[in-house]
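*Asks:* Encoded as structure tokens, here's the structure I'll be asking about.
The values are calculated or read from the model by the stated rules, or taken from the named source; none is laboratory data. The structure presented is a predicted model; accordingly, all values stated were derived computationally and were not measured. Positions of Cβ are generated from backbone atoms using ideal geometry, with glycine treated the same way; all protein chains shown enter the neighbour counts. Only protein heavy atoms, including side chains, enter the accessible area calculation; ligands, DNA and RNA are left aside. Shrake-Rupley method; radii C 1.70, N 1.55, O 1.52, S 1.80 Å.
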Amino acid sequence: MTSTASKARQAFTDIDPREFVTLNDPPLLIDVRSQLEYQTGHVPGAVNLSLPRLLLGSIPMLRSLVWPEWFREIEKDRTVAVICLSAHRSPIAADYLAKQGFDLVWNLIGGMLEWKRLGLETRSGKQP
């Protein structure tokens, strides 16, 4: 029996880390892991906003408390990408951002585990 239900369209685009590093003008990369995970090693230029903080911002009265100013000021037409440890949290974040009105959202396939497996550059420490 053939199903008549169509598969829901994904609201974001997956991108391979090897493709991401070749971009001439890479988008803002948001690392949605915890601050401790971020400090142990992250993609150069990535900014940290954990998935729980991102999602808590859906409650308007908490938004100014949990979302940093840099995030509250991002224009919705700006391309953003998200990464986590294993690509479990980042699709959740990517879907959330797309539903919040961001025009183009990318999800890095495989997360930091794949990034490191490929031997791509990482940095450690707090974000500037």
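*Asks:* Counting Lys and Arg as +1 and Asp and Glu as -1, what is the net charge of the other residues whose Cβ lies under 15 Å from the Cβ of residue 79?
*Replies:* Values: positive: 76, 78; negative: 14, 19, 25, 75, 77, 103.
The answer is -4.
*Asks:* Accessible area of the chain with a 1.4 Å probe: how many percent of it is carbon plus sulfur? Working shown, then result.
*Replies:* On the way: 4110 of 7760 Å².
With neighbouring chains kept in place, the figure for the chain is 53 percent.
*Asks:* Okay, next question. From Cα pairs below 8 angstrom and at least 6 apart in sequence, can you work out the relative contact order of the chain, rounded to a whole percent?
*Replies:* Working: 207 pairs, mean separation 43.5, N = 128.
Rounded, it is 34 percent for the chain.
*Asks:* Using the basic label-point model (7 angstrom from Cα toward the beta carbon), what is the residue 59 to residue 36 distance in nanometres?
*Replies:* Simple spin-label model gives 2.3 nm for this pair.
*Asks:* On full extension of the chain, what length is gained from residue 18 through residue 79, given 0.36 nm per residue of separation minus the C-alpha to C-alpha distance? Don't skip to the end; give the middle numbers.
*Replies:* Details: separation 61, 0.36 × 61 = 21.96 nm, distance 1.80 nm.
Length gained, residue 18 through residue 79: 20.2 nm.
*Asks:* What 222 nm value per residue comes from the helices of the chain, counting each DSSP H run with n ≥ 4 as -39,500 (n - 2.57) and dividing by all residues, nearest 500 deg cm²/dmol? Please report the intermediate quantities before stating the final value.
*Replies:* Numbers: 7 runs with 45 residues, N = 128.
Value at 222 nm, helices only: -8500 deg cm²/dmol.
*Asks:* Which residues' amide hydrogens lie under 5 Å from the amide hydrogen of residue 13, considering only partners 5 or more residues apart or on another chain, with H built in the peptide plane?
*Replies:* For residue 13, the qualifying residues are 105, 106, 107.
*Asks:* Write down the accessible area per residue of the chain in Å², having rolled a 1.4 Å probe over the full set of protein chains.
*Replies:* Details: 7760 Å² over 128 residues.
Accessible area per residue: 61 Å².
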